[in-house]
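The values are calculated or read from the model by the stated rules, or taken from the named source; none is laboratory data. Remember, predicted model here, so these are calculated numbers, not experimental data. For neighbour counting, all protein chains shown are included, and Cβ atoms are generated from backbone atoms with ideal geometry for every residue, glycine included. These area figures cover heavy atoms from the full protein model, side chains too; ligands, DNA and RNA do not enter into them. Shrake-Rupley method; radii C 1.70, N 1.55, O 1.52, S 1.80 Å.
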Amino acid sequence: MKAALIVVDMQEDFCPPNGSLAVNEARTLAPTINTLLSNPGFTLRIASQDSHPPNHISFAPNHPPPNNLPFEHFIEMSNPAAGKETETKRQRLWPIHCVEGTKGAEIIPEIDTKNIDLYVRKGMDARVEMYSAFADAFGNLDAEVNRSSVDVHLKGALEEKGITDVFCVGVAGDYCVKYTAIDAARAGLRSYLVEDAVRCVDPGVGWEEAKRELREAGVLVVRSDGPEVGGLSGVV
Ligand code: VGL
Ligand code: ZN
C-alpha cells in the first residue's frame with residue numbers, strides 16, 4: 001500500500017471572508033489538513049488549484065441575462081471533444097472565481113505548502129467545466145481533446161509513484177473533492193474522502209446526496225481520526 005493525499009482547491013476565492021465563491025468554514029479546515037500533510041504515511045502530497053481563463057464557461061457574467069444568476073441558473077454545456085459536440089451536460093453557473101494569475105487563485109497561506117510535492121492546475125479550457133483534477137466534466141483527458149485544461153496528467157503521476165490509495169480533502173466537498181475522489185476510484189485506486197476535512201457549497205441535504213454518489217462509485221467516506229488514516233502511520 002502506498003498512499004497519496006490530494007488537497008483540493010484550498011484557494012482564496014473558495015474561502016471566507018473575501019472569496020468570490022466562499023464555501024462556509026473552508027478556512028477552518030487548515031489545521032486538519034496540515035495535520036494530514038504532516039502524516040509520514042503519505043508517499044505523495046498533491047495540491048490542486050482551480051485556474052480559469054476570464055472567458056470560462058462556468059462564469060455567470062459570461063452568459064446573457066436574465067438566466068445568468070450565479071448559483072441559481074444552469075446552462076447546457078457541450079462536450080468539446082471532436083465529433084462529440086451533441087453530448088451535453090447541465091452546468092451550474094458560478095461567480096467569477098480563481099482566474100489564472102489573480103489573488104483569488106492562490107492557495108491560502110494557512111496551508112503548509114512546504115509539504116506539497118506536486119501542484120495540479122485545472123479548469124484552464126474555457127469551453128468546459130473541470131471539477132476533477134483527473135479529467136473534465138465529460139471525462140476527457142487532454143491527450144484526447146488536443147488542448148490543455150490541466151498541467152499534470154494526474155493518473156500517470158500517481159502510477160509512476162506506485163500509488164494505490166488516494167485520500168481527498170479540501171473544497172468543495174460536493175463538487176471538486178467529490179469528482180476527484182470518484183475519478184480516483186475509476187482510475188482503479190482505493191479512494192477515500194475524509195469527511196471532516198471537507199466543506200460544501202450545499203451542506204445538509206446536498207452533502208447527503210453527494211455521499212450517496214460517492215459510495216455508489218466505490219469511494220470510502222472516512223474521518224481523519226478513523227482507522228484508515230490512523231493505519232497510514234501505524235497509529236490506529
Ligand atoms: C469548485 C465550483 C466551481 C470547487 C470549482 O473547487 O469545488 N466549485 N469551481
Ligand atoms: Zn471553478
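Taking the criterion of being open to solvent by less than 50 Å² (accessible area, probe 1.4 Å) and within 15 Å of the chain's Cα centre (by Cα), the residues of region 102-112 that qualify are 105, 107.
Among the residues making up region 33-67, those that are more than 13 Å from ligand 2 (Cβ to nearest atom) and buried (at least 17 other Cβ atoms within 10 Å of the Cβ) are 33, 36, 37, 39, 41, 42, 43, 44, 45, 46, 47. Just give me the residues in region 46-87 being among the acidic types (Asp, Glu) and in a strand (DSSP E or B), in sequence order. 50, 76, listed by residue number. Picking from residues in region 113-149 that are in a helix (DSSP H, G or I) and not acidic (Asp, Glu), the one that is least open to solvent (accessible area, probe 1.4 Å) is 145.
Conditions (1) acidic (Asp, Glu); (2) away from ligand 2 (no atom under 13 Å from the Cβ), marked per residue:
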{"residue": "69", "(1), (2)": "no, yes"}
{"residue": "85", "(1), (2)": "yes, yes"}
{"residue": "93", "(1), (2)": "no, no"}
{"residue": "108", "(1), (2)": "no, yes"}
{"residue": "121", "(1), (2)": "no, no"}
{"residue": "148", "(1), (2)": "no, yes"}
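For region 150-159, indicate whether the set of residues that are open to solvent by 40 Å² or more (accessible area, probe 1.4 Å), in contact (Cβ under 8 Å) with a residue 24 or more places away in the chain and either β-branched (Val, Ile, Thr) or assigned to a loop (DSSP other than H, G, I, E, B) (or both) is non-empty. Yes, region 150-159 contains at least one residue that is open to solvent by 40 Å² or more (accessible area, probe 1.4 Å), in contact (Cβ under 8 Å) with a residue 24 or more places away in the chain and either β-branched (Val, Ile, Thr) or assigned to a loop (DSSP other than H, G, I, E, B) (or both). Residues that are under 21 Å from residue 159 (Cα atoms) and β-branched (Val, Ile, Thr) were ranked within region 1-54; the one that is nearest to ligand 1 (Cβ to nearest atom) is 8. Residues that are open to solvent by 40 Å² or more (accessible area, probe 1.4 Å) and more than 16 Å from ligand 1 (Cβ to nearest atom): does region 164-176 have at least one? Yes; the residues of region 164-176 include at least one that is open to solvent by 40 Å² or more (accessible area, probe 1.4 Å) and more than 16 Å from ligand 1 (Cβ to nearest atom). For region 8-20, the tally of residues that are more than 14 Å from the chain's Cα centre (by Cα) and open to solvent by 10 Å² or more (accessible area, probe 1.4 Å) stands at 6.
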